[in-house]
Every structure is written in C-alpha cells, then in structure tokens.
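Report on one structure; see the data block that follows.
The values are calculated or read from the model by the stated rules, or taken from the named source; none is laboratory data. Small disclaimer: the values here were computed from a predicted structure and weren't measured. Note that each Cβ is placed from the backbone with ideal geometry, even for glycine, and that neighbours are counted across all protein chains shown. Keep in mind that these areas ignore ligands, DNA and RNA; they rest on the heavy atoms of the full protein, side chains included. Shrake-Rupley method; radii C 1.70, N 1.55, O 1.52, S 1.80 Å.
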Amino acid sequence: MPSPSQVAALLKAQNIRHVRLYDADRAMLNALANTGIRVTVSVPNEQLLGIGQSNATAANWVARNVIAHVPATNITAIAVGSEILTTLPNAAPVLVSALKFIHSALVASNLDGQIKVSTPQSSSIILDSFPPSQAFFNRSWDPVMVPLLKFLQSTGSYFMLNVYPYYDYMQSNGVIPLDYALFRPLPPNKEAVDANTLLHYTNVFDAVVDAAYFSMSYLNFTKIPIFVTESGWPSKGDSSEPDATLDNANTYNSNLIRHVLNNTGTPKHPGIVVSTYIYELYNEDSRPGPVSEKNWGLFDANGMPVYTLHLTGAGTLLANDTTNQTFCVAKEGADPKMLQAALDWACGPGKVDCSFLLQGQPCYEPDNVVAHSTYAFNAYFQKMAKSPGTCDFKGVATVTTSDPSHGSCIFPGSAGRNGTFPNTTSLAPSSNSSTSGCHSIYGAGSFTTSVIIGVLLMSMVCL
C-alpha cells in the first residue's frame, strides 16, 4: 500500500482539497502539513469509551492528535467514532460526553471556531425512511439522539450521516429499482412521490438525506445541516452481489459527483449543498467479509485506478476524464455460446487483431470467453471509430465508460496507465474517479485499515 507521503502527493496532484482520515495517524498528518488540504481526523471506536469517561483523556487525545499538528496541518473537523449506535451500542451512553470533552479541549486552545466536532451515524438508525416525511430515528436511541442534536446545534456543527444506496437497493428485495439507486434518469411516472409533501424523489440518496432531515424535525431540530461522511458503490462482488460492478460503481460515483456539484440540494432543501465524502480512495484487499467489502476504492493498492470516471463537462474534478473514452465490453450474464460465436466473428470476418489473446501474450489471462470477447469486441468497436451499431454483437455487448484494461493488458482506446506513484506533481494513475476538488480518503499504506481516506464532494468553492 502507498506510504503517507505518496498519498499526500496523490492528493496534491489531483487538487483534492478535503480529506477524511479514519484515525489521526501521525505520519499521515505530518505528510499533509503545509499542503492546505482540509483534514477531518477521527477518534477510533476502540478509543471512545476512554475518552467519553474522562475529560483528561479527551484533552490528551486532542493535544496529541490535533494541537501537535495545527496550524501546519489544516484540521477542520473531528469525527468521534463511527456508527456507534449500531456497531458499538455499549459505548452509546458516553458518546455525547466524548463529543463534549473533545470540544472543551478545543475551546481551551481557542480552536473551537475552526474545528467542528460530530459523530457519523448509519442511515439504519432512521426508521420508515420512505416516505421521507414520515421518517423518524429509532426511538430507543432518543436518550442519546436528543442531547447529541442539542450539542450539534449549540456548537454550530453538522449531523454526519453515512448514506449507501447500494445497501438500500440490495436489501429491498427488488422494491428499489437499480436506476433509482444509481441516479439514472427516470420517467416522471417512475419517480417516487412523498404523498404527504408531494415532493418527487429521483434517487435513493436524496430520499435518505431528506429522511434524516425529517427525523431531526420530528425531534424539533430544524437548523442542523447534514454532512454525508460516506457514500459510494463497490466495483466487484461475489455471486450474491451481481450489481457490484465496475460499470455501476462508475455510474453511481460520477452521477453523485454531478448531483452534488450542481448545487441542486434535496427536494426538502433545494439549493442547499449536501457535502459528501466518497468511500473510498483505496481498495482494501485484506478486509474480511464479502468480496464487495474489499472493493469500494477508486484506486487499487498499487495506486492504479480501478476504473475511469467519465466526468466530461463536470468541471475540474479528481482525475477528470476529458478524453471522452468509451469502450465496448461483453454484457454481464450473456450466453457463453453467443459470446464465443461473436468472438470468432470478430477475430475472423471482423478482422480484429486478436494476437494479444494468445497464450503468453498480455491479454491471455484471464483465459475465459468473457474476457477474450470483451477485448475483441472493444478492438472492433475502436477500429470502426465507435460507429453506432458496432458494439452490439447480437445483443451480447454493451458500451461503457469504464476502462477494461488490466495489468499489462492495455485495451485499444485506452489512454494507458503507469503503475508508479507520483512524487510531487504528476499523477501516476491515469484518470480516475472522485469528487470535486474535495475528497476524503480511506486508508492504506503503513497506516492500518482504520486509517481511511474518503473523497469529499462540496460546492465549487472546494476546487
């Protein structure tokens, strides 16, 4: 995995101006010094009980992980724990105390004006989330949620929320359409309508954010902004996760970026930007659990882009793709016999150079009909100048903006890649995805997996 200095170089090369760390790793904070990048540091869950029970412990944590690094490192927020109510409920009784103790230490150092304190929550604490106007927080957490919201309101902080339309879609048993989860355009008759407010919802993300707004309103808190601390889509899954694909990850993240940067807000609060971190910067190959858990990253462990976001016209964004790259690939689930027939045609009558697919050549592996037909389909598509109808092959091919190149197998039409890390200003990974000039990062490198960097989407002021 990349070192802290390599991560910092990547961020600077991509003009990323905001980053979230899932720890307060000293080496990473030192690497971010004098870059101007706005940093959110985190109190790991395992440290929460100690900090929530002792003002002195909290003060020591702030002295060690914040005061020791500012102003050289531009720390602007502290995330205290992560999804405590749902992942570490035994620590919930001291959560608000931990926030207050951390804030008091900032006040003592005159840093409370520049550093906000909050705690990320899972959207699963919201019950009956649709229609949003009827949503409310799980009432069993009122003894924590009410004082938490009072603290956020009194300190001018924000409600941190993790929003994952991927999981909402997967757990809906077919009720939520994939297009609705991916921000794809819907005909008016397919939009979800809140019967109480008559507000129209065209995507899951907005519906979840508004459900949180309405849940806070239910408890009489209406002035607290929402900050989405995690959102994304996995690029790979196992057999039970068929929609964790490169194309869907590309579609979700690029559409999320456009949605946030357009300053559209949500139906309940139009025009109010919902600042958002994309999860995550790097894949986590050693992470336990399903395949998808390892594959939320924009880059792999070697700093290579997992896929290329197609962001033409979206402004200056991380790894902005201005090359209008499109590729032709085999459709998922296509009949292997039809793929083989189409492959034979492309390498025969179609006059595609398929020598790269021979044993010992760069694109021989993986040796299966899907991979080989994808290479041949794309070679034909590029050879025909991407003309309409040249990426069909009797219905077993489709156009994508995700570069299918892998390893040393560089597909026709690809800008190519370089596997080295940037040192100062050049970015080794070719174009990749992310948000506006603002991002948070999910960890890697010599830090542990608790150090995660996301990608922050904010308004254009972040660029």
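Where the centroid of each part is defined by its Cα atoms, how far is the range 57-91 from the range 366-381 in Å?
48 Å
What translational D, rounded to a whole number of µm²/s, comes out for the range 205-296 from Stokes-Einstein when the hydrodynamic radius is the Kirkwood one over Cα pairs, at 4 °C and 1.567 mPa s?
Estimated diffusion coefficient is 88 µm²/s.
Distance between Cα centroids, the range 206-265 to the range 96-158: provide it in whole Å.
If you average the Cα positions of each part, the centres end up 19 Å apart.
Can you tell me the accessible area per residue over the range 71-140, all protein chains present, probe 1.4 angstrom, in square angstrom?
38 Å²
Would you mind counting up the charge near residue 156? Only other residues with Cβ under 13 Å from its Cβ, with Lys and Arg at +1 and Asp and Glu at -1.
Local charge sum for residue 156: +2.
Around residue 177, under 14 Å between beta carbons, what's the net of Lys plus Arg minus Asp minus Glu among the other residues?
-2
Could you sort out which of 190/386; 236/337; 150/223; 116/268 sit more than 22 Å apart by Cα distance in this structure?
Working: 190/386 32 Å; 236/337 24 Å; 150/223 11 Å; 116/268 25 Å.
Pairs exceeding the cut-off: 190/386; 236/337; 116/268.
First compute the accessible area of the range 334-418 with a 1.4 Å probe, then give the percent of it belonging to carbon and sulfur atoms.
That share works out to 57 percent.
What accessible area per residue comes out for the range 155-211, rounded to a whole number of Å², with a 1.4 Å probe?
Spelled out: the 1.4 Å probe surface of the range 155-211, per residue, equals 44 Å².
With a ≥ b ≥ c taken as the square roots of the eigenvalues of the C-alpha gyration tensor of the range 98-172, please select rounded if a/c is under 1.5 and otherwise prolate if a/b is larger than b/c or oblate if it is not?
Prolate, since a/c reaches 1.5 and a/b exceeds b/c.
Considering only DSSP beta bridges with both partners in the range 70-208, what is the antiparallel share in %, to the nearest 5?
Percentage antiparallel, nearest 5: 45.
Name the shape class, rounded, prolate or oblate, that the alpha-carbon gyration tensor gives for the range 166-233, where a ≥ b ≥ c are the square roots of its eigenvalues, rounded holds for a/c under 1.5, and otherwise prolate holds if a/b is larger than b/c and oblate otherwise.
On the way: a/c = 2.11, a/b = 1.40, b/c = 1.51.
The shape class here is oblate.
Order these peptides, 363-371, 112-120, 387-395, 96-104, by their mean beta-carbon neighbour count within 10 angstrom, highest first.
Highest-to-lowest ranking by the protection proxy: 96-104, 112-120, 363-371, 387-395.
How about residue 383: which lysines have a C-alpha closer than 17 Å to its C-alpha, ignoring those fewer than 8 places off in the same chain?
351
Rounded, prolate or oblate for the range 23-166? Axes are the square roots of the Cα gyration tensor eigenvalues, ordered a ≥ b ≥ c, and the cut-off for rounded is a/c under 1.5.
Verdict is prolate for the range 23-166.
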